[in-house]
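The values are calculated or read from the model by the stated rules, or taken from the named source; none is laboratory data. Predicted, not measured: the structure shown is a model, and the values here were computed from it. A quick note on method: Cβ atoms are made from the backbone with ideal geometry, for glycine too, and the neighbour counts reach across all protein chains shown.
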């Protein structure tokens, strides 16, 4: 294989999972744990007292300072966690065919030990992408519209690159280590390592370790944040993105992410509520003016969520209930008709 091909396609990817009940078998020698992420130097360019707080409709977002980066899970310390290998590397040539520009290559489907609430909907599994993001609902062979992305890009994988995750009954953490956007052997190649943690309560945390210098800085096409999608018609296949939260703009120089933590805390959406009164008593009406559809028996904000096709099919825009008083009136009429 040419030197160029070595870096344009990822080598065998090593995935490890923490086991609560002990180690079932030792990790294969083909999966080498890399310690270099521990040695990355901080850029030290952002004021350690700077904290960004912003409301992005679906999430409250906090960018924490360097001192708050203690949450980084050190997966290189085998004596801290007990690992067993659960993913066998596939043939390198096969991987080369799959991993190409425009292809969202997913290395593994991981069952979660809890239901992760994402835009009001539970997910019990995630797809891991070699492009630096997690997919909550994969459509077809390679399309993902519902994602969590600490740093999505067309990454290059070298011999010291790896992916690992730790799973428990309350959280899921995945780490991409030593990824690059230019070949490793080129001068001034930036090295990226990042972690994404999903919490059972729906919160998301991104952490970063980036090795760079002034000469390595260049414009980088990346994406940070989340998105969800909806099927516009029950019999169709067209999906529309909604609720996209894009955080890349806060870091024009992506190297300044080094040592920082991005926390995303979910704001209750209308589909959290299961009855007419709580639906209309929702306090966050500025972001989500909730309405109750008596036909579908569900709460939504103009139907703008994954079940918009059902909302439209049932003409919920005609029968919607948008006040607590109307809920009581509807209940009285229904009880009268039943009697």
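Remarks
- Residues satisfying the criterion are present in segment 202-213 (criterion: more than 18 Å from residue 150 (Cα to Cα), at pLDDT below 85 and surrounded by fewer than 20 Cβ atoms within 10 Å (Cβ to Cβ)).
- Given (1) touching a helix residue (DSSP H, G or I) at 6+ places or on another chain (Cβ under 8 Å); (2) more than 20 Å from residue 230 (Cβ to Cβ); (3) modelled with pLDDT of 85 or more, index of the condition residue 330 fails: (3)
- Identification of strands (runs of 3 or more DSSP E) wholly contained in segment 239-324 with 3 or more residues that are touching a residue at least 60 places away in the same chain (Cβ under 8 Å) yields 239-246, 261-266.
- Test: residue 184 is assigned to a loop (DSSP other than H, G, I, E, B), under 19 Å from residue 117 (Cβ atoms) and either at pLDDT below 85 or not assigned by TED's automatic domain parsing to the domain that holds residue 300 (or both): no
- Residues satisfying the stated conditions in segment 156-175, i.e. farther than 16 Å from residue 126 by Cα and either modelled with pLDDT of 85 or more or touching a helix residue (DSSP H, G or I) at 6+ places or on another chain (Cβ under 7 Å) (or both): 156, 158, 160
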